[in-house]
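The structure under discussion appears below in the form of structure tokens.
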Amino acid sequence: MGDRYTGGDFVEVGEDGGSLTVSSPVDGVNGAILAGVALGCILRETEAPSSVEAELQRVTAQDGRQEVSWSDLTMSYVLDPDNGFRAVVAAG
């Protein structure tokens, strides 16, 4: 992967500043790991309960789009075999 990617390739701030999108431009296991690191930072900074992380660790591609909420945040996420992991964390 080298130095081709920056944090902006994995985390994007929504136009209104009220959401963060996590995805990976890298396919396969490496992409999932990198997206997981980015999402882990967001979960830690937003003080997500451990139940959110546990739910994310159980997700499979067959589950389709899922949603979880904590505090005043909602995260929708999907694990797609072709496009990897994608999550959107939004306030409100």
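No lab work stands behind these numbers, since they all come straight from the coordinates. None of the values given here were measured: they were computed from a predicted structure. So basically every Cβ, Gly included, is an ideal-geometry build from the backbone, and we count neighbours across all protein chains shown.
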Practice item. Run the numbers on the chain and let me know its relative contact order in percent, using alpha-carbon pairs under 8 Å that are six or more apart. Key: 29 percent
Revision key, fill the gap. In whole percent, the Cα-Cα distances of region 1-46 spread across 5 Å bins from 0 upward as 5, 21, 30, 24, 13, 6, 1
Revision key, fill the gap. For Ser24, Ser50, Ser69, Ser19, ascending order of other Cβ atoms within 10 Å (fewest first) is Ser50, Ser69, Ser19, Ser24
Point to revise | J(HN,Hα) series, region 80-92, from Karplus relation 6.51 cos²θ - 1.76 cosθ + 1.60, nearest Hz, glycine and proline x | key: 10, x, 8, 10, x, 8, 9, 9, 10, 9, 10, 7, x
Point to revise | Neighbour cut-off at most 10 other Cβ (10 Å), DSSP loop, GluC sites (Glu not before Pro), region 1-67 | key: Glu15, Glu47
Review point. Using the Karplus equation 6.51 cos²θ - 1.76 cosθ + 1.60 (θ = phi - 60°), what ³J(HN,Hα) coupling, rounded to whole Hz, does each residue of region 32-43 give in order, writing x for Gly and Pro?
Key: 5, 5, 5, 5, x, 5, 4, 5, x, 5, 5, 4
Study note, to complete from the structure: Out of Ser19, Val29, Gly40 - ranked by how far each Cα lies towards the positive end of the dipole of the chain, with unit charges on the beta-carbon of charged residues - the top one is Val29
Study note, to complete from the structure: In whole Hz, the Karplus estimates of ³J(HN,Hα) for region 51-56 (6.51, -1.76, 1.60; θ = phi - 60°; x where Gly or Pro) are 5, 5, 4, 4, 5, 5
Point to revise | Computed over the chain, Cα set: Rg, Dmax in Å | key: 12.7, 37
Review point. Which trypsin sites (Lys or Arg not before Pro) in region 30-92 pass both tests, a DSSP loop state and at most 14 other beta-carbon atoms within 10 Å?
Key: Arg65
